[in-house]
Amino acid sequence: MSYALKDIGTALRTARERLGLNQRDFAERAGTTQARVSTVENGEVDLRVSTLIEFARSLDLDLALVPRQHMPAINAIIAQEPISPAEKTGRAALARLTNVIAPLIEQFPNNRDLSSLQRSAGELGNFRLEERDVAMIEKITTALKRILTTPALLNTADSQAAALRALRNSLAHSINYEDTSARPAYRLDDNDDA
């Protein structure tokens with residue numbers, strides 16, 4: 001799966017969710033199946049342009065080739081759009097986490113684990129957080145609150161930093177932990193025998 005396919009799938013998912021459609025409703029609207037919508041949104045399939053155009057139109061979007069120098073202006077306009085309830089929940093969870101990390105860093109300014117937590121929390125702001133991601137952030141926030149009240153627990157910050165880094169890495173690299181099947185390091189295609 002290429003990053004471009006994943007980016008397109010994520011953009012389509014975000015647009016679908018902003019319209020309040022689940023995959024099944026959108027599939028009916030687009031004249032396809034829920035399974036097809038899922039594979040497209042997960043970046044597991046290389047779309048034909050005609051399919052991409054149909055998906056975009058079903059989401060009240062237009063597909064256009066835009067000069068690269070105009071992209072900052074377009075991105076600024078898009079950023080002004082209202083965010084979905086799921087995005088609001090994710091941003092609120094990150095804000096709570098940041099509000100707990102800041103006083104800890106003031107109290108322990110040379111602690112590398114707290115610096116790592118702060119860096120990872122900032123980087124997570126670039127991703128769309130799912131419900132399970134928010135739950136992980138809330139769990140880490142709760143553990144860090146305990147350090148605020150009991151500074152002797154500072155030694156637990158390393159495990160919280162590791163957990164937050166793992167979350168960031170899984171989102172950054174689109175790791176799907178549910179698919180743990182082994183894949184061969186190398187595979188010959190049928191045509192390679194010649």
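Miscellaneous remarks
- The single residue among E131, E178 that is modelled with pLDDT under 90 and either assigned by TED's automatic domain parsing to the domain that holds L94 or of a type in the set (F, W, Y) (or both) turns out to be E131.
- Index of the failed condition, L61 passing every other in (1) assigned to a helix (DSSP H, G or I); (2) touching a residue at least 40 places away in the same chain (Cβ under 8 Å): (1)
- Filter result for E54 (charged (D, E, K, R), part of a helix (DSSP H, G or I), surrounded by 15 or more Cβ atoms within 10 Å (Cβ to Cβ) and at pLDDT below 85): no
- Sub-8 Å Cβ pairs linking a first residue in segment 5-26 that is closer than 13 Å to E87 by Cβ and of a type outside the set (A, V, I, L, M) to a second residue that is modelled with pLDDT of 85 or more and surrounded by 17 or more Cβ atoms within 10 Å (Cβ to Cβ), at least 6 apart or interchain, are T10/E41; T10/G43; R13/E41, ordered by first then second residue.
- Of the candidates G90, G122, the single residue that is without any contact (Cβ under 8 Å) to a residue 40 or more places away in the chain and not charged (D, E, K, R) is G122.
- Residue count for segment 119-135, restricted to those that are buried (at least 18 other Cβ atoms within 10 Å of the Cβ) and either among the acidic types (D, E) or assigned to a helix (DSSP H, G or I) (or both): 4.
- Residue that is surrounded by the fewest Cβ atoms within 10 Å (Cβ to Cβ) [pool: residues in segment 10-51 that are in contact with a Leu (Cβ under 9 Å, 6 or more places away or on another chain), closer than 22 Å to H173 by Cα and among the small types (G, A, S)]: A11
- Criterion violated by I83 - all others in (1) closer than 30 Å to S116 by Cα; (2) at pLDDT 85 or above satisfied: (2)
The values are calculated or read from the model by the stated rules, or taken from the named source; none is laboratory data. Worth saying up front: this structure is predicted, and the values here are computed from it rather than measured. Glycine also receives a Cβ, built like all others from the backbone with ideal geometry; neighbour counts cover every protein chain displayed.
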